[in-house]
1. Once the cut-off is 12 Å, how many percent of the Cα-Cα pairs in segment 233-291 end up in the long-distance tail?
2. State, to one decimal in nm, how far the label point of A22 lies from the label point of I42, with both points 7 Å from Cα in the Cβ direction.
3. Mind ordering 62-72, 307-317, 24-34 by average Cβ neighbours within 10 Å, highest first?
4. Whenever you get a sec, compute what percent of the accessible area on the chain sits on carbon and sulfur atoms (1.4 Å probe).
5. With a 1.4 Å probe and all protein chains in place, put D88, D165 in order of accessible area, largest first.
6. Before anything else, pin down the relative contact order of segment 173-243: Cα pairs under 8 Å, at least 6 apart, normalised by residue count, whole percent.
7. Accessible area per residue for the chain in Å², computed with a 1.4 Å probe and the full protein assembly in place, what is it?
8. Before anything else, pin down the relative contact order of segment 229-322: Cα pairs under 8 Å, at least 6 apart, normalised by residue count, whole percent.
Amino acid sequence: MSPRHNSTLANKLVKQLLAADASFKAAEAPSQIHITGSESEIFTLDMTPFFATPAAVTAQPFFDGVQTVSKLLSAYHAAKSSLPFETDLPQARESISDYANEFLTTLLTRANTTLSDAQATLIAAWVKNLDVYCAVKAVESFCYSQADLMLLEIAPRYGWDVVYDHMAIRCGSQSHQDAERIATLLIEQHGYVTSQCVGEAYYQFTDGWNAYPLYKILQNGQVLRLFIDQSDAADPAQIIQHWNRVYGYTAHHFGIRATKLVNGVRLAVPLDDLMHALVKEKIKIMTPVGHYTHGLLLQVFTQPEKNSNIPAALKAEVVAHAAQLEKSIENAKLLELVSRREMEPRFAWDYFELYGLKYDPANALHSAPYYQYFLPTQAAHVIKTSQVVE
């Protein structure tokens, strides 16, 4: 893999998009396009794939063949013990409450009575295609969130292949370098990389938080994205640090998308289709964002999972920073539905060839979206949306 080859593909993608849709505008760099947002703001999207060497599918040895709830949880604990995680770092434990450990233990214990063996089999078959880090976080999410698991269960009915897109991990405050610590852990111990595109290694938001996007591609073709976020040092009322204190390092949200194979071509399932399917299952959907990207990156969130079991003393500690935290801190988790426009097959072949992989459109893990990254304006929408209270 070389920067030259990545740029060559990016330039081809840009030319194709400019020719296909007049809403995309040429940017100063041939690897970028401009789009106009819903409030007439101009965004620049870089089509250059991130540089990385395909990594081993480390979750597979733990989750392959799992068919019962008890074995799913055993595989989870074994996988989590195989590499360092956040709470293996003494400094990372300082910001989280005792309740955060109780919260995680409770959701895993509850899985013994709420999950069926069939659901455990479905979860294990899905997470085995990830690395250990994402598999562990995904199991935690599936054990807690109704919406995540529902999408896995109904996908075969529609002929969809459900694909991991990303997770957001809530850390503490920049005053303690909490996100920096976790990003370093993920780079050094789990093999993640930062994007080499200008502006994609770190995001700073105007409403008091910042984040580190990280990336990885596995030998099976699965791309993993992580968003490691924290509150700014100068904003003690910003909610991310308080979510971290209450819920630890469980994923704040889990981004999942779906693709389908049509006449040998892999296509993205439209966001509206995902929304309508979950609404039929009584899952409440919030406000979509990203329509101005014309399918390059569309997102919508399900209603947050509510947690009314936060200990009174801990809640009082959190609310002391700002009155509005009293209800929004109960928003423990939400599923993010994502749709990313898939490359045409000729480009998908070139994309996987960058990583030394042979593209197979029939392989659901071989998803090749035009746009690989996050959009800051849509990331900001995540935090705002997930603080909404009824």
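The values are calculated or read from the model by the stated rules, or taken from the named source; none is laboratory data. On a predicted model such as this, the values are computed, not experimentally measured, just so you know. So basically every Cβ, Gly included, is an ideal-geometry build from the backbone, and we count neighbours across all protein chains shown. All accessible areas refer to the heavy atoms of the entire protein, side chains included, with ligands and DNA or RNA removed. Shrake-Rupley method; radii C 1.70, N 1.55, O 1.52, S 1.80 Å.
1. Tail of the P(r) past 12 Å holds 79 percent of the pairs.
2. Output for this residue pair reads 1.9 nm.
3. Output ranking for 62-72, 307-317, 24-34: 62-72, 24-34, 307-317.
4. 53
5. Greatest to least solvent exposure: D88, D165.
6. Once normalised by length, the contact order is 32 percent.
7. Ligands and nucleic acids excluded, the result is 39 Å² per residue.
8. Working: 59 pairs, mean separation 18.7, N = 94.
Across segment 229-322, relative contact order equals 20 percent.
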